[in-house]
Amino acid sequence: MSPVFEVRNLSRHYSIRRGFLGGRDVLKALDGVSFVLGKGQTLAVVGESGCGKTTLAKQVALVDPPTEGHLFLGGEDVALTSDPASPRRKIQIVFQNALEALSPRQTVGASIAEPLAINTTLSRPERRERAQAMMVRVGPQPEHYGRYPHMFSGGQRQRIAIARALMLRPLVVVADEPVSALDLSVQAQILNLLMDLRDEFALSYVFISHDLGVVRHIADDVMVMYAGRAVEQGTAYTVLSAPRHPYTRALLEATPRADRPRRRERPPLVGEVPSIPPPGCAFHTRCPYVDNVCRRQRPEPRVFEGREAAACHHLEKVG
């Protein structure tokens, strides 16, 4: 099966000032990320804050142009297209905070119908009819067409944001932490809705999350990011059941599980993701397996026990 969406060596660099009188550094928010997404598949991108997840979401959704790399949608490279509006119709994004994503001065019906107003020649009654049909499928009810975002709960607002993202029938939906601000019971409802919509509309998801419990529920494949790079990739079952990168294992051990005793096998992960990675492996300042090779040489991704890529000098030791 040919991929719907393919990312090759995607990078996004920013120039930052080093102190008041210092020179400038290059912040590599994204540094050579690659993945392939099939029709109806969900790729979960996980990692701590600052690892590059949201930057990746913006690149994939064509919100921000990449510094380098390629984005193939249906075989066409859309990374540096002169008309980003055209492929953007096929790649939509759902943000974490629907209240901020929806205009407070616009009714929810108008918000849902707006993509049709911008991208089609449909009349106002036709746009309203299609928006109400989507509201029947996703929520809220069509009779709420004229209400405003503040009149709905967080879960209802997220349903509205999802409905708006689907109005142009995209091939790919980028979901950037879509359930992290919701209660647990509402999270489950939204996740089930996303999976139902994936099957109904043959959608492919890039699902950004820091919650591995959520990822277990929805993902087919997982990509673990650290300091702008993918450190481990593979099927969700392989990566989450038997992680080989020490960072992936640390994330899993920090995730509460009802079927696991509270005693830790290893010390908790300390420190933060560096803005400017150190020489060698970016994770070596926090890694329990660090040695001189890690401090000098950056590990390149390599295939290992079913992972599409795992970037560590000591994959054999992690078990």
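The values are calculated or read from the model by the stated rules, or taken from the named source; none is laboratory data. Only a predicted model underlies this, so the values are computations on that prediction, with no experimental measurement involved. Using ideal geometry, Cβ is built from the backbone for each residue, glycine included, and neighbour counts are taken over all protein chains shown. Surface areas here come from the heavy atoms of the whole protein model, side chains and all, with no ligands, DNA or RNA. Shrake-Rupley method; radii C 1.70, N 1.55, O 1.52, S 1.80 Å.
Mean residue ellipticity at 222 nm from the helices of the chain, using -39,500 (n - 2.57) per DSSP H segment of n ≥ 4 over the full residue count, to the nearest 500 deg cm²/dmol?
Values: 11 runs with 100 residues, N = 319.
Using -39500 (n - 2.57) per qualifying helix, the result is -9000 deg cm²/dmol.
Under 12 Å from the Cβ of Arg198, count the other residues' Cβ atoms, weight Lys and Arg +1, Asp and Glu -1, and hand me the total.
On the way: positive: Lys39; negative: Asp196, Asp199, Glu200, Asp220.
Spelling it out: positives minus negatives among the neighbours equals -3.
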Let me check I have the definition right: for the chain, take the eigenvalues of the Cα gyration tensor, multiply each by 5, take square roots. What are those semi-axes in whole Å, largest first? 36, 23, 19
Can you return the aspartates and glutamates within cross-link range of Lys28? Criterion is Cα-Cα under 18 Å, with same-chain partners fewer than 8 residues away left out. Glu48, Asp64, Glu68, Glu272, Glu300
Sequence-distant lysines (8 or more away, or on other chains) whose Cα lies within less than 21 Å of Lys90: Lys39, Lys53, Lys58
Base-10 log of normalised Debye intensity for segment 117-250 (one unit scatterer per alpha-carbon) at q = 0.09, 0.12, 0.14, 0.18 Å⁻¹: -0.34, -0.57, -0.73, -1.05
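Counting Lys and Arg as +1 and Asp and Glu as -1, what is the net charge of the other residues whose Cβ lies under 10 Å from the Cβ of Pro140?
Overall, the nearby charge balance is +2.
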Carbon-plus-sulfur fraction of the accessible area of the chain, 1.4 Å probe, in percent? 50 percent
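By the scheme Lys and Arg +1, Asp and Glu -1, what is the net charge of all other residues having a beta-carbon under 10 Å from that of Arg12?
Once positives and negatives cancel, what remains is -1.
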Tell me, what is the per residue accessible area of the chain in Å², probe radius 1.4 Å? 50 Å²
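Using 0.36 nm per residue of separation minus the Cα-Cα distance, give me the extension gain between Ala202 and Arg89 in nm, one decimal.
39.1 nm
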Treating only the Cβ atoms of Lys and Arg (+1) and Asp and Glu (-1) as charged, compute the dipole magnitude of the chain about its Cα centre; round to the nearest 20 debye. 540 debye
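Could you tell me what a quarter of the Cα convex hull surface of segment 1-54 works out to, in nm² with one decimal place? Show your work: numbers first, answer last.
Numbers: hull surface 19.0 nm².
Quarter of the Cα hull surface area: 4.8 nm².
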Residue separation times 0.36 nm, minus the C-alpha to C-alpha distance between Asp211 and Ser15: what's the value? 67.5 nm
Pick out which of Pro246, Pro104, Pro301 has the largest mean-square fluctuation in a Gaussian network model of the chain, springs linking Cα atoms closer than 10 Å. Pro104
Along the principal axes of its C-alpha atoms, what lengths does segment 158-218 span, in descending order and rounded to whole Å? 29, 20, 17
Percentage of interatomic Cα-Cα distances in segment 40-150 larger than 22 Å: 48 percent
